[in-house]
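What follows is calculated from the coordinates using simple rules that are stated; it is not laboratory data. Predicted model only: the values in this text are computed from it and were never measured. Methodologically, a virtual Cβ is constructed for each residue, glycine included, from the backbone with ideal geometry; neighbour enumeration extends over all protein chains shown.
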Amino acid sequence: MEIAVISGKGGTGKSSLVAAFASLGEQVVLADCDVDAANQFLLFNPSHEEEAVYISGQTAVIDEAVCTHCGLCMEYCRFDAITLVKGRVTISEISCDGCHLCARICPEKAIAMVDSDRSRMYSGSFRHGKMVYGRLAPGEENSGKLVNMVRQKAVQLAEEYRLDTILIDGPPGIGCAVISSITGVDHVLVVTEPTLSGLHDLQRTVDMVWQAGRKLSVVINKFDLNPQVSSQVETACRETGVEIIGKIPFDPVVVEAMVHGKSVPEFAPGHGMNNITSDILCKISQKSKFRN
């Protein structure tokens, strides 16, 4: 069973909820697919049993020994990645889009394209099973492909160690990395919060999940901070036929648990929030018995 937990915006408490799910007793595969800002490894400190290089694209590099500083590449670059600094033509690694144009038009063949290979995928063990996560290097792209790489490894580990549940901590938003995180999963859980921006982004996220043809449910986190907007969220879900399977109150214990490097079930085993979390996961499991 693959469960993807996503949110329309950051800060809804999605990762905290996934961490709680992973700590409820059953051994799982935890896949952190928020590759632009992975954070589950900070909480669970997994071992690094495998590291794989992810090639996100290519970047232009100039050979100053061959370059005559004619400026032709600078003239044709539409990304403003090539500039003249102290009489020398230089290429910005961050601004370069890897389009290959400068390498093709350089009369001296002084520009070469090299792989952008600083991004990584890691996998290993943590205290509740196996973990896989990706870390996209700053300025590198194609995060959806790295997400797919993480998910493939998660499935491999689940089969190898006979683990029935894969928990996917997806990125916020509705971009390609999110689509890659939910494609083919058994169930999508959307975590929202009672703010106007949370409501707006929830509606966009629900539309995206429907278009992907996935089953979904909604959880309202910190629902008691703004009962009026929480009521609006419930009305919007009811009108679109989306079930709200959980409402989690605001509780400082979540922050305290994170500060101590633990999930809520680990930090406060007898806390009432664990019953809510367990009930949500149970409902998802029931809904995921039959794939789409």
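Both the radius of gyration and Dmax for region 198-278 are 14.8, 41 Å, in that order, over alpha-carbon atoms.
The convex hull drawn around the Cα atoms of the chain, when projected onto a plane and averaged over every direction, covers 18.1 nm².
Rounded, prolate or oblate: pick one for region 190-244, where a ≥ b ≥ c are the square roots of the eigenvalues of its C-alpha gyration tensor, a/c under 1.5 means rounded, and failing that, prolate if a/b is larger than b/c, else oblate. Note, shape of region 190-244 comes out prolate. Size of region 74-170: Rg and Dmax of its alpha carbons, in Å, are 19.9, 61. Taking the alpha carbon gyration tensor of region 1-150, multiplying each eigenvalue by 5 and rooting it gives semi-axes of 42, 15, 11 Å, largest first.
For the chain, the longest principal axis of the Cα atoms and the long axis of helix 143-160 meet at an angle of about 50 degrees.
Placing one identical point scatterer on every Cα of region 239-292 and ignoring solvent, what is log10 I(q)/I(0) from the Debye formula at q = 0.28 Å⁻¹? Treating every Cα as an identical point scatterer, log10 I(q)/I(0) equals -1.09. Distance from the Cα centroid of region 40-88 to that of region 128-180 is 25 Å (rounded to whole angstrom). Annotation: cysteines of the chain without a disulfide-compatible partner (Cβ-Cβ under 4.7 angstrom) are Cys33, Cys67, Cys70, Cys77, Cys96, Cys99, Cys106, Cys176, Cys237, Cys282. In region 216-292, Cα pairs under 8 Å separated by at least six residues give a relative contact order of 28 percent. Relative to the longest principal axis of the Cα atoms of the chain, the long axis of helix 272-287 lies at roughly 80 degrees.
Remark: relative contact order (region 63-162) = 19 percent; criterion is Cα-Cα distance under 8 angstrom and separation of 6 or more residues. Remark: spin-label model distance Gln152-His271 equals 3.8 nm, labels positioned 7 Å along the Cα→Cβ axis. When you restrict to C-alpha pairs under 8 Å that are six or more residues apart and normalise by the size of the chain, the relative contact order lands at 26 percent. Taking every alpha-carbon pair within region 13-71, the share separated by more than 18 Å comes to 56 percent. Distance distribution P(r), region 96-140, all Cα-Cα pairs, bin width 10 angstrom from 0: 22, 29, 23, 14, 9, 3 percent. Oblate is the label for region 105-226, because the ratio a/c of its alpha-carbon gyration tensor axes (a ≥ b ≥ c) is 1.5 or higher and a/b is not greater than b/c. Multiplying each eigenvalue of the alpha-carbon gyration tensor of region 144-292 by 5 and taking the square root yields semi-axes of 25, 22, 15 Å, largest first, rounded to whole angstroms.
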